[in-house]
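Worksheet for the structure shown next.
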Amino acid sequence: QADFNLVEVSNYQYPEGCNDIWGYVDTNGIEYALVGTREATAILSLEDPSNPIERAYIPGATSTWRDIKTWENYAYVIADVGNDGLLIINMAGAPTNITHNFLNIRFLYNGSPVSIEKCHNLYIDENGILYLSGCNTGSNGVMMFDLNEDPENPEYLGAESATYSHDNVARGDTLWTSDLTSGFAAWDVSDKANPVELARQ
């Protein structure tokens, strides 16, 4: 099999297997691998890439699906099963002082109080808007939250609820969502409280 000019520098094993990975760079320029395993979220320091050091191991719901993204000094993690809610990891004190909190985001959806326990996927755009796909409550389409005012307490902005969202990505005022058995769609989310579907394939 072709190596695509890649050279393996190190290989850090988790016996339970892994499901996702993201990256973070601290104020000193140290890179970190943020690893989703089937049992936890692990944070590996890559100050010496040939010798990764595990700086945190945060147990959570046992899940085949776990997704991770970062915004400023925070990492956000969601799992597809259980009732962990949104795992918020504060990386500001890395490598020695990494803290975390599991948050069941509570907000009003169509006038009724709801609480997020699990979602299938998440994305964070360049403006600090968190997009959650396939959650247990509210819309199982894509729900949008603002991380700017208080990154440890996301503010609900709005949702599209056409059908179940498996994954999403957003740029500017356009949201793209992969809707499992319903194809994919593009949405105008310039008004987060009133998304408008632009096209579906």
Q) Within the bounds of region 28-42, is there any residue that is crowded, with 19+ Cβ neighbours inside 10 Å, β-branched (Val, Ile, Thr) and closer than 23 Å to Glu149 by Cβ? A) no
Q: All but one of (1) open to solvent by 50 Å² or more (accessible area, probe 1.4 Å); (2) at positive phi hold for Tyr57, so report the exception by its number.
A: (2)
Q) Do we have Asp26 as charged (D, E, K, R) and in contact (Cβ under 8 Å) with a residue 60 or more places away in the chain here? A) yes
Q. Which residue pairs have Cβ atoms under 6 Å apart, sit 6 or more places apart or on different chains, and have a first residue in region 109-137 that is among the acidic types (Asp, Glu) and a second that is crowded, with 17+ Cβ neighbours inside 10 Å and assigned to a strand (DSSP E or B)?
A. Asp125/Ala170
Q | Matching strands (runs of 3 or more DSSP E) fully within region 131-201 where at least 3 residues are over 16 Å from the mean Cα position of the chain (by Cα) | A | 155-160, 184-188, 196-200
Q.
Quick check on Pro49: is it at pLDDT 95 or above, surrounded by fewer than 19 Cβ atoms within 10 Å (Cβ to Cβ) and in a loop (DSSP other than H, G, I, E, B)?
A. yes
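The values are calculated or read from the model by the stated rules, or taken from the named source; none is laboratory data. What you see is a predicted model; the values in this text were computed from it and never measured. Cβ coordinates were reconstructed from backbone atoms using ideal geometry, including for glycine residues, and neighbour counts include every protein chain displayed. Accessible surface areas use protein heavy atoms only, side chains included; no ligands, DNA or RNA. Shrake-Rupley method; radii C 1.70, N 1.55, O 1.52, S 1.80 Å.
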